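S.K.: One structure, as structure tokens, below. Some questions next.
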Amino acid sequence: MSQAGIKQILLKDGIMIYYVDKGKLLEGGGSKFHFNQEEPYLCLFNEEELLHYSKIFHISNGIVKDILEGRSFKFESYEGFDLISLNIPTVTDTGSFLNHITIYFRKNLLIFVCANPEELTILERIESDLENEESEKDNLSLGRILELFFDYLTKTDSVRLDYLEEKISSLEESIMTSRNKNYITEIVHLRKKLMGYKRYYDRLLSVTEAIVENVNGLLSKKEMRYFQIITDRNRRLLESLRFLQDYLSQIREAYQTQVDINLNSIMKLSTVITTIFLPLTLVAGWYGMNFDMPEYHLSFGYPMVIVGSLVLSLLIIIYFKKHKWF
């Protein structure tokens, strides 16, 4: 989203949302910015802009340093304000992050800080929905905007988990029908992806639970109910992830069992073949010795040994068949 993308959305009592445009903090109406602590402000900052405007908004150097240096997933409640740090994963790869976002929230001030504010497309979606809902304009607040932001973080994630479940189910069917393909790489890839999502939902749940506590009283009762709904959704998503992890673990165990069965079959066949030819090896070793055997002087001695070897092998095969060794 471009920083100028937030248009003249009205807050309660007709107050404008302010935003950063081309390095300057401006009103929606275009007049020069004058900070008024009684008016609500929404700001999208990169790190340089935060350094510049932190003094204007009376944000301490210690908090600014914490915002700029922090990269962990956390929620911290200070006297009069909350500080939220998020890592939002991409859809295709949980090993990398779309953006690290820090949210500074106090009465009448909501600041989103990230390296590339133009990548915060979630805020653009919020804006689009609010413009289409006239009823929201009269009830809009910074707490409501924060709630909508967290709502969009996981609003369609159930579809993503359904896709992962279908992929795991297809993997299970493939394992049951194909015995020659190596599925370890695919299983490990899915396992890492599920672990990444589980870590994300687990931390996100901790953050929303902390927000619902509303230690600083920044949220209204209605906004707290909204956040409770989001918290319950995050909890369900986390439970779904755990189910998928268990499901994948069962498939991995089934695949390992299938590999073991195939290996046992190969070893069994190898043992049978070795056993069948073991007497023939004995005969070959016997007649390979440098001794004068009585059979050497018989005209039918060599054919007799051949027939005896074949009969012995046949008897071993019949014995194995009878005991269902192969």
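S.K.: Count charges around L51 for me, please; just the other residues with Cβ under 14 Å from its Cβ, Lys/Arg as +1, Asp/Glu as -1.
M.R.: Summing Lys/Arg as +1 and Asp/Glu as -1 gives -3.
S.K.: Still on this structure: Please label the shape of segment 142-263 as rounded, prolate or oblate, based on the square roots a ≥ b ≥ c of the eigenvalues of the alpha-carbon gyration tensor (a/c under 1.5 means rounded; beyond that, a/b larger than b/c means prolate, else oblate).
M.R.: Prolate shape, in that a/c is at least 1.5 and a/b is the bigger ratio.
S.K.: With a 1.4 Å probe and all protein chains kept in place, how much accessible area does D66 have, in Å² rounded to the nearest 10?
M.R.: Taking all protein chains as shown, D66 has close to 40 Å².
S.K.: For segment 151-269, what is the charge dipole size about the Cα centre, in debye to the nearest 20, if Lys and Arg each add +1 at the Cβ and Asp and Glu each add -1 at the Cβ?
M.R.: Using Cβ point charges on Lys, Arg, Asp and Glu, segment 151-269 gives about 220 debye.
S.K.: In debye to the nearest 20, how big a dipole does segment 162-216 give about its Cα centre with +1 on each Lys and Arg Cβ and -1 on each Asp and Glu Cβ?
M.R.: It works out to roughly 400 debye.
S.K.: Placing +1 at every Lys and Arg Cβ and -1 at every Asp and Glu Cβ, with all other atoms neutral, what dipole size does segment 221-264 have around its Cα centre, in debye to the nearest 20?
M.R.: Magnitude of the dipole: close to 540 debye.
S.K.: OK, next. Would you please put 262-268, 314-320, 51-57, 190-196 in order of how densely packed they are, using the mean number of other Cβ atoms within 10 angstrom per residue and starting with the highest?
M.R.: 190-196, 51-57, 314-320, 262-268
S.K.: With every protein chain present, what accessible area does I261 have (1.4 Å probe, heavy atoms only), rounded to the nearest 10 Å²?
M.R.: 90 Å²
The values are calculated or read from the model by the stated rules, or taken from the named source; none is laboratory data. Everything numeric in this text was worked out from a predicted model, so none of it was measured. Cβ coordinates were reconstructed from backbone atoms using ideal geometry, including for glycine residues, and neighbour counts include every protein chain displayed. Surface accessibility is based on the protein's heavy atoms, side chains included, excluding ligands, DNA and RNA. Shrake-Rupley method; radii C 1.70, N 1.55, O 1.52, S 1.80 Å.
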